[in-house]
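Here the structure is laid out as structure tokens; the discussion comes afterwards.
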Amino acid sequence: MFYDQEKCGARIRQIRKQNGYTQERLAEELNMDRSVLSRVEAGKYVCGVDFLARIAILFGVSLDFLVFGKVQNQETVHLKESITDLIRQLEQFKAGI
């Protein structure tokens, strides 16, 4: 297993899109310039551990996934999906939808 910055950038782009974030929105959330995020996603800029940790926390993924592409077991993935759905339902309930 080794770190491939292009694959890491592609995984960041993938989870950003899966979570409905634009580069602009994610860059704003992380308090960084969009052009830096663009270079990260293109594999042209090496990410620091702090940056990767912030991405992992924000999107609920592991550092192993971001850095090495290691996928969590299905039970963990299913549990996270269930929690995300429950949070969405609670937010809708709170908003009176």
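Atom-type composition of the exposed protein surface of the chain places 53 percent of the accessible area on carbon and sulfur (1.4 angstrom probe). Label-to-label distance, Leu90 versus Ile57, with points set 7 angstrom from Cα along the beta-carbon direction: 1.9 nm.
Our coupling estimate for region 17-24, obtained by passing each phi through the Karplus curve with A = 6.51, B = -1.76, C = 1.60 and θ = phi - 60°, is 5, 4, 9, x, 9, 8, 4, 4 Hz, Gly and Pro reported as x.
Across region 36-41, computed HN-Hα scalar couplings (Karplus, 6.51 cos²θ - 1.76 cosθ + 1.60, θ = phi - 60°) run 5, 4, 4, 5, 4, 5 Hz from first to last residue, x flagging Gly and Pro.
Test of understanding: express the Cα radius of gyration of the chain as a ratio to 2.2 N^0.38 Å, with N the residue count.
Against the compact-globule rule of thumb, the ratio is 1.17.
Which lysines does Lys70 reach when only Cα atoms under 29 Å apart count, and residues fewer than 8 places away in its own chain are ignored? List returned: Lys7, Lys17, Lys44, Lys80. Per-residue extension of 0.36 nm, minus the Cα-Cα distance of Asp64 and Ala10, leaves a gain of 18.0 nm for this segment. The residues of the chain expose on average 71 square angstrom of accessible surface per residue, using a 1.4 Å probe on protein heavy atoms.
The values are calculated or read from the model by the stated rules, or taken from the named source; none is laboratory data. All figures in this text were calculated on a predicted structure; none of them were measured in a lab. Cβ: placed from backbone, ideal geometry, glycine included. Neighbour counts: every protein chain shown. In case anyone asks, the SASA skips ligands and DNA or RNA and just uses the protein heavy atoms, side chains included. Shrake-Rupley method; radii C 1.70, N 1.55, O 1.52, S 1.80 Å.
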